[in-house]
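Q: I'd like to ask some things about the structure below.
The values are calculated or read from the model by the stated rules, or taken from the named source; none is laboratory data. The shown structure was predicted, so the numbers you read here are calculated from the model rather than taken from an experiment. Note that we place each Cβ from the backbone using ideal geometry, even for glycine, and neighbour counts take in every protein chain shown. Accessible surface is based on the protein model in full, side chains and every heavy atom, while ligands, DNA and RNA are left aside. Shrake-Rupley method; radii C 1.70, N 1.55, O 1.52, S 1.80 Å.
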Amino acid sequence: MNSPCKRSILTDKRLFSLEQLRGTIRLDSFNCKIEEYNEYLFNESMKSQNDQMAITWLLRERSSGAVAAYMSLIADSIKLTATEKELHSLAYPFKTVPAMKVAKLAVSATFQEKYLGIGSLMIEMATEIAEACNKHYFACRFITVDADIEHNETVLNFYLKNGFIPNEETANKRLKTISMRRDILFRAK
């Protein structure tokens, strides 16, 4: 149950800034409830970025500079069944469709307690990045994610609420994650 004193960041996005990970940014204030995600941010994210495997974006509170959340983004493609292609009006013979994947997404426990909607804001920011890629760099029809149900049983509902749907092509192939997609061409504005 949400505390009545929580403040919704969706009504005032100016409380935060989104910045690409740099070695000069202090990360020690970040602590989410999933230790694997903390370890990734502290020990692997910079190497992944330097090796051009993932770019990590930090959501920082403007007043304190503290890291409220992070997401790592990578290039992706997804296979869609004929039914899924029809759902998205994709009349192309290609087996795969271009996408951008949210490889990691984590919110600091402190900021989860203080604000509502940080995870959803991160999804919106990922969508804006994908739309910028479409406008300036390369095609990206979907945002994908492997919803980590091993560490968080409610994460599936979070992604459904944010416009993702499960991928049939990869359904039931993984036990720890559920492959999902969000069509950014037809998203509600």
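Q: Which of (1) more than 22 Å from His151 (Cβ to Cβ); (2) in contact (Cβ under 8 Å) with a residue 24 or more places away in the chain is the odd one out, the single condition Phe94 does not satisfy?
A: Of (1) more than 22 Å from His151 (Cβ to Cβ); (2) in contact (Cβ under 8 Å) with a residue 24 or more places away in the chain, only one is false for Phe94: (2).
Q: Of Ser120, Ser89, which residue is touching a residue at least 60 places away in the same chain (Cβ under 8 Å) and among the small types (Gly, Ala, Ser)? Outline the logic, then answer.
A: On the way: Ser89 fails: touching a residue at least 60 places away in the same chain (Cβ under 8 Å).
Sole residue among the options that is touching a residue at least 60 places away in the same chain (Cβ under 8 Å) and among the small types (Gly, Ala, Ser): Ser120.
Q: Across segment 98-111, which residue is most open to solvent (accessible area, probe 1.4 Å) among those that are touching a Lys or Arg at 6+ places or on another chain (Cβ under 8 Å) and under 23 Å from Phe158 (Cβ atoms)?
A: Among those that are touching a Lys or Arg at 6+ places or on another chain (Cβ under 8 Å) and under 23 Å from Phe158 (Cβ atoms), it is Ala109.
Q: In segment 112-123, which residues are buried (at least 16 other Cβ atoms within 10 Å of the Cβ) and over 20 Å from Asp148 (Cβ atoms)?
A: Scanning segment 112-123 gives Lys114, Tyr115, Leu116.
Q: What's the total number of residues in segment 164-173 that are open to solvent by less than 70 Å² (accessible area, probe 1.4 Å) and either over 12 Å from the mean Cα position of the chain (by Cα) or modelled with pLDDT under 95 (or both)?
A: Just the residues of segment 164-173 that are open to solvent by less than 70 Å² (accessible area, probe 1.4 Å), to begin with: 164-167, 169-171.
Then drop every residue that is not either over 12 Å from the mean Cα position of the chain (by Cα) or modelled with pLDDT under 95 (or both), which leaves 165-167, 169-171.
Total satisfying the criteria: 6.
Q: Further, regarding this structure: Under the condition of being more than 16 Å from Met180 (Cα to Cα) and of a type in the set (Val, Ile, Thr), which residue from segment 53-97 is most open to solvent (accessible area, probe 1.4 Å)?
A: Ile55
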